[in-house]
Structures are given as C-alpha cells and as structure tokens.
Amino acid sequence: MLTNQWKSKHLGMWELLFKVFEKGSVSRVADESGVDRGQLSRMIKALENEVGCELVERIGRTAKPTLAGAQARKEILPLLESLDKTIVDLTTSQQLSIGNIRFGAMPGFLQTQIVPLIAEFQKLHPKVTFDVIGDDDPKAIMFGQSDVMLYYGPNNNPHLVEHWVTRSLFIPCAAPSYLERYGSPTSPTQLVEHAGVIYNGKVRPLSPALVKGSLQETIHWKSEIRFNNILLAKTAALEGCGIVLDMPLHHCYQEILAGKLVPILNGWHIPNLDNYIGTTLEAHKLKRVQTFIDWYVMRRREIEGEQKRLVQEKFPFIVY
C-alpha cells in the first residue's frame, strides 16, 4: 500500500486527476474508471494535502484545475504519455510474451469472468501459456500453487506484490417469483420475515450487518440455506429459494438487466470489499507477468465500470 510520503509520486493518481480536469466531473471519471466516487475524492484530497495546495476548483457541479493543477498537468502529463508509450511497446514485443503463468482465483469468478479474459489475452500474446488453479480458499493460491492470484484485499503479505483493481459492488436481490409470494423488504429489520440464501465460503468473511451511509443494521433471517459456492447461491436465488444479500455485481448484472433477479432494500448493502491481483516477489520480476497485470487491471476496470453503469441506469439507488 502507498504511504503518504509516496502518494504524490504515484502516476496513476495523477492520471485520474487529469481525467477529472478533462471531463469536469469526479463522479463521471470514477464511474468510467471503475473507481468508487468517494475513494476518488479522497485520493484527490490526499494529493492536495501532500503537495500543500488545492489542485481542483469546483464551480457549480464542474471540476476545473486551479493554477497549481494546471501547472501539474503541464509538467506531469508528458511523463504519463511517455509511460503509456513504454507500456504499449512492452505489450507488443514478442520477446515479452513467451512463457507460462500459474494463475489462481475463486472457481466461480474464474468460470464466468476470467476464462474469457485469458482467451482474449492469448489472442494478443499467443506464446503465453496459463496453468489455471481454482480454489475457494485464498490461502491455497497464495502459497506455492500460483504466481498470479486474485482475491479480496489488501492482504499485506510481505511475500506478495499487490495491485488494487476495483471495488466490489454487492447487490441484495431476489427472484421475482419469491418477491411475489413473500413481498419485497425495504429495510433490514424486515428480513426476519424472509428466507436467506447465504454464501459462507472461504473467499470472504460473512458480513453480520448491512450498511447504508453511516447507518448499520444486524441481519436476522426467518430461515437460511447456506452454500460454499457463490454460483450455487445464485442458482438458489434464481429458483426463488430466498433473498441473497451479497451477490457480486459481476455474477448477477445480466440477470438483473433481464429481470430474472430484482435488486431490493433501497441502497442497504453489505460493506464493500476491494479486489486485488497479487504476484509472488519472484513472478513480479517477469515481464510477461507485468504485461498481463497491466492489461488485466485495465480490462477489469473497463468491464466493471460498464456493468455498474448499465445496472445503475435501471436502479439508481444502487450507488455505493
């Protein structure tokens, strides 16, 4: 993780700031980049605190650069452009695209999200091979089985190099058939009258409460059915077995858009978690691994940003 001493030297943070200058909106840049809006605002404030001056001036709803912000863009933007060119040169070089990557992640996420991306990456770099390991226990893929791994983090493991990817969006939802029979709860206190579909695997801890802004409510169910596999939990929800509170957006956005699952609870949700891609210290030195991580982070942010946009257009209360 970045210490305050080094935040101002993290070019990715400046890149997001300059996009805010270009678009004139923090919220728009956050959505397009797959970054939490509050997190982006805090990131900009941290930069301002460190350099000791305001970089963004807000005129109405429009964000504009201050004189200092304009100077920073003039001086730093060429560095970003040079970095982008270097990355393009690296990713197009066949010399960097030979060898194997041992890749570990949760089985459900691998099946629906990662396998298509691996196929997409191999079209660009056909000489990279993958050994893919699916395991619901993050510790299993972090110690010896894989070189590159996906998990909720940060893990703060001294043996890993961690890269933040996106912030997960968890959707409380149920099938229309269930809601027609039992009604749609509008607050966590009403869950005591409903059946819960619970994911209790090792990938992430089971949240005991829902949050909405500064509010928090403990979860109580009338009955429960538990699964250690998120895709089984989704199947149960689709079959009308009950309400699932923590369905990741990437696992349910298609069903939500198709009307097969309906978001509920008017913005109450389990606490968000951050998605990370990590590598072992040794693997991080490999250029093919660096190339894959840069590409993966870019594509996941594009994909999840679009998923959030489509779902939030239909259900505006899903803004976490």
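The values are calculated or read from the model by the stated rules, or taken from the named source; none is laboratory data. Here the structure is a predicted model, which is why all the values come from computation and not from measurement. Because the Cβ atoms are built from the backbone with ideal geometry, glycine has one as well, and the counts that use them run over all protein chains shown. Remember, those area values only see protein heavy atoms, side chains included, never the ligands or the DNA or RNA. Shrake-Rupley method; radii C 1.70, N 1.55, O 1.52, S 1.80 Å.
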Heavy-atom accessible area of the chain with neighbours in place, 1.4 angstrom probe: carbon+sulfur share in percent works out to 53
Expressed as an acute angle from 0 to 90° and rounded to the nearest 10, what is the orientation of the C-alpha long axis of helix 37-51 relative to the principal long axis of the chain? 30
Please work out the FRET efficiency for the pair GLN190 and LYS260, using the Cβ-Cβ distance as r and a Förster radius of 25 Å; give the result to the nearest 0.05. 0.65
P(r) of the chain in 10 Å steps, Cα pairs, percent per bin? 5, 23, 30, 25, 14, 3, 0
Nonlocal amide H pairs with THR166, under 5 Å, H built at 1.01 Å: ASN275
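Based on the mean of other beta carbon atoms within 10 Å per residue, what is the order of 232-245, 158-171, 120-133, most packed first?
Working: 232-245: 20.6, 158-171: 18.7, 120-133: 14.2.
Sorting 232-245, 158-171, 120-133 by mean packing, highest first, produces 232-245, 158-171, 120-133.
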Using only the alpha-carbon atoms, how far is helix 11-23 inclined from the longest principal axis of the chain? Give it as 0 to 90 degrees, nearest 10. 80
Residue-wise, which Karplus ³J(HN,Hα) couplings in Hz belong to the stretch 224-241, taking 6.51 cos²θ - 1.76 cosθ + 1.60, θ = phi - 60°, and x for glycine or proline? 9, 10, 10, 9, 9, 10, 5, 6, 5, 4, 5, 4, 4, 5, 5, 7, x, 6
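How would you rank 308-315, 260-267, highest first, on the average number of other Cβ atoms within 10 Å across their residues? Walk me through the intermediate numbers first.
Numbers: 308-315: 15.5, 260-267: 19.1.
By packing density, highest mean first, the sequence is 260-267, 308-315.
Ranked highest first by average number of other Cβ atoms within 10 Å, how do 176-183, 279-286 line up? Could you put the intermediate results ahead of the total?
Working: 176-183: 14.1, 279-286: 16.2.
Taking the mean over residues of other Cβ atoms within 10 Å, the ranking is 279-286, 176-183.
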Quick one: angle between helix 115-124 and the longest Cα principal axis of the chain, in degrees between 0 and 90, rounded to 10, please. 20
Karplus ³J(HN,Hα) for the stretch 172-189 (6.51 cos²θ - 1.76 cosθ + 1.60, θ = phi - 60°; Hz, whole; x = Gly/Pro) runs x, 7, 7, 6, x, 4, 5, 5, 5, 7, 10, x, 10, x, 10, 8, x, 5
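Could you report the chain's accessible area per residue, 1.4 Å probe, as an integer in Å²?
Values: 16130 Å² over 320 residues.
Dividing the accessible area of the chain by its residue count gives 50 Å².
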Considering amide H positions built from the backbone, and no H for Pro or chain starts, which residues 5 or more places from ILE243, or on another chain, come under 5 Å of its amide H? ALA195, GLY196, VAL197
